[in-house]
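> Sharing a structure here in structure tokens format.
What follows draws every value from the coordinates through simple rules; no lab data is involved. Note that this is a predicted model, so its numbers are computed, not measured. Don't worry about glycine lacking a Cβ; one is built from the backbone with ideal geometry, like all the others, and counts go over all protein chains shown.
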Amino acid sequence: MLSFYTDGRQATCQGLSRRRFLQVGTLGIGGLTLSQLLAAQAQAGEGKSLLKEKSVVILNLQGGPSQFETFDPKMTAPRETRTMFGDTKTRLPGVNFGSHFPQLAALADKMAIVRCFRHGISSHEPAANHVMAGGNPSKGNMASVFARIAGASSPRTGIPHSAIITPPSVGEEFAGLGQRFDDFITETGSLSSSLKPFDPSDGIEIVENMKLRISEKRLGDRRNLLTQLDHFKRRFEQTSALGGAERFEQQAFEVIAGGMSDAFDIRKEDPRLVARYDTSMYTVPDSLRKKRRYAKEAPPISLGKQLLLARRLVEADCRFVTVTSAGWDMHGNRNNFNMQEGMNLLAPAVDKAASAFIQDLEDRGLSERVLLVILGEFGRTPLIADGGGRGHWGDLCPLIFVGGGLPMGQVIGRSDRSGSQPEGQVVTPANVFATIMGELFDLAELRITPGVPTDIVNYMTSSEPIPQLVRR
């Protein structure tokens, strides 16, 4: 096991020290370490894996993005309801996006745009937890459920199987950004008594493992991580030279140190590609900082690097990555952006970074292997408030899928004339859960794999994936 620590010493309510940054090499199923797994695989040979060669990246627009101003502009609705900024044509005939998304509109033929996603919850924390859990009764978020079954780390590279990439993950200059808006990651939940020894403290450890950060003062300082890896490597090489390391321990170290250091080092990227992702120009004007209390916490200046790091992590065999973009709670009151302020700042960054990510995956031949999901905890009210904002609305929520080898180039479902409810088909969080887990796991193999909790298997296999995204 390879561990990195922060220099902070605060403890959680369950006694787990926040000094723990990251543990790699422990798989979490049956207590096997990575070196033990490598040895076992060498002895027994590789059987059929319940894991597919797929990864999921969730771009979570925290705060609740408006369906009208994003991907369902509803230009036929009354003026006080439809998008405030007009629309833009997409590559799909008759399908338009909000005017802030021209680059994503040009890639709409690579997407499945869901216009009937509803869960009915209009309070931030319950909605965020419900969406990120995919509605599963354990209330554990999908990343935690996945890691509980698949193991905490990749046996090939040692990279954690799941990761949350917040702004501080990609540079110390982003420390302090987005911290108000990540409540959803605190709810891992117990996956019921049949999943013991996975209890809430295990869940918090998984979340701690998913937070790619090093110190309280220098969050996301990859240079510190790489320095620690270099020091560890020198010590390990000295031990190995003296005959103190077994062959499989050495192999485990190589996959961990090699995969980790390469994945975290964005400096290896072509500067021209970095520029395609770059969102550093989307800064909050001083006038807006003074006007809106939370504006300083929500600039999307790091989003491009977050998605670039996500691509590097999936290449290194991380299977479930969540990227956070904060500030989408656009009420227009003293604290929050109104729609014009928020959309003019946040939407162009998402448009640029997400389109760069989609194109980057295609250029690298990863489009079939990686599924991108863009969502938030809920949508926004049909009527525009006096302050130019919209309230919480759980009855219609933006949702987009890209890639993963699923059927793309389609709109799934439709909203009613007011853009407030699905009309006809309804997609639920359970449908999203089943779609995502069906991408990650061979469900037939999962049913017969010893040690996988029965209730989780039952939920996975009884929930219906979105029908239009089922391969025929």
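> Any idea what the dipole of region 344-472 comes to, in debye rounded to 20, about its Cα centre with Lys/Arg Cβ at +1 and Asp/Glu Cβ at -1?
180
> With a 10 Å radius around each residue's Cβ, average the other Cβ atoms per peptide and rank 448-459, 322-333, highest first.
322-333, 448-459
> Report the paramagnetic label zone for residue 449: residues of region 135-176 whose backbone N is under 15 Å from a point 7 Å from Cα along the Cα-to-Cβ axis.
Within reach of a label on residue 449, which here means backbone N under 15 Å from a point 7 Å along Cα→Cβ, region 135-176 contributes 143-156, 161-162.
> Need the full-extension length gain, residue 335 to residue 289, defined as separation in residues times 0.36 nm minus the C-alpha distance. One decimal, nm.
Values: separation 46, 0.36 × 46 = 16.56 nm, distance 1.01 nm.
Fully extending the segment from residue 335 to residue 289 adds 15.6 nm.
> Continuing with the same structure: At 7 Å along Cα-to-Cβ for each site, give me the label-to-label distance between residue 79 and residue 172 in nm.
Label at residue 79, label at residue 172, 5.3 nm between them.
> Using modelled amide H (1.01 Å from N, peptide plane; none on Pro or chain starts), what sits under 5 Å from the amide H of residue 338, excluding residues fewer than 5 places away?
332
> While we're looking at this one, here's another question. For region 154-162, in order, what is each residue's ³J(HN,Hα) by Karplus, 6.51 cos²θ - 1.76 cosθ + 1.60 with θ = phi - 60°, in whole Hz (x at glycine and Pro)?
After applying 6.51 cos²θ - 1.76 cosθ + 1.60, I find 6, x, 8, 10, x, 5, x, 5, 9 Hz.
> Give a residue-ordered list of calculated ³J(HN,Hα) values for region 339-344 (Karplus: 6.51 cos²θ - 1.76 cosθ + 1.60, θ = phi - 60°; whole Hz; x for Gly, Pro).
5, 5, 4, x, 5, 5
> Can you tell me the dipole magnitude for region 292-374 around its Cα centre, using point charges on the Cβ only (Lys, Arg +1; Asp, Glu -1), in Debye to the nearest 20?
The calculation lands at about 360 debye.
> If I stretch the segment between residue 92 and residue 423 completely, what's the gain in nm (0.36 nm per residue apart, minus their alpha carbon distance), one decimal?
Result for the pair: 117.1 nm of gain on full extension.
> May I pose another question? Please give, to one decimal in nm, the separation of the simple spin-label points placed at residue 272 and residue 296, each 7 Å out from Cα toward the Cβ.
4.0
> A further question follows. Collect residues whose amide H, placed 1.01 Å from N in the peptide plane, falls under 5 Å from the amide H of residue 59; neighbours closer than 5 in sequence don't count.
Here 323, 373, 374, 375 satisfy the definition.
> Also: Quickly work out the residue 383-to-residue 368 label distance, labels modelled 7 Å from Cα along the C-beta direction, and quote it in nm with one decimal.
5.1
> Another question, if that's okay. Sequence-distant or interchain residues sharing an amide H contact under 5 Å with residue 395, placed H: which?
Sorted by chain and number, the residues that satisfy this are 120, 379.
> May I ask for the distance between the Cα centers of region 428-472 and region 298-372, given as a whole number of Å?
Between the Cα centres of region 428-472 and region 298-372 lies a distance of 26 Å.
> Please work out the FRET efficiency for the pair residue 109 and residue 53, using the Cβ-Cβ distance as r and a Förster radius of 22 Å; give the result to the nearest 0.05.
That gives a FRET efficiency of 0.35.
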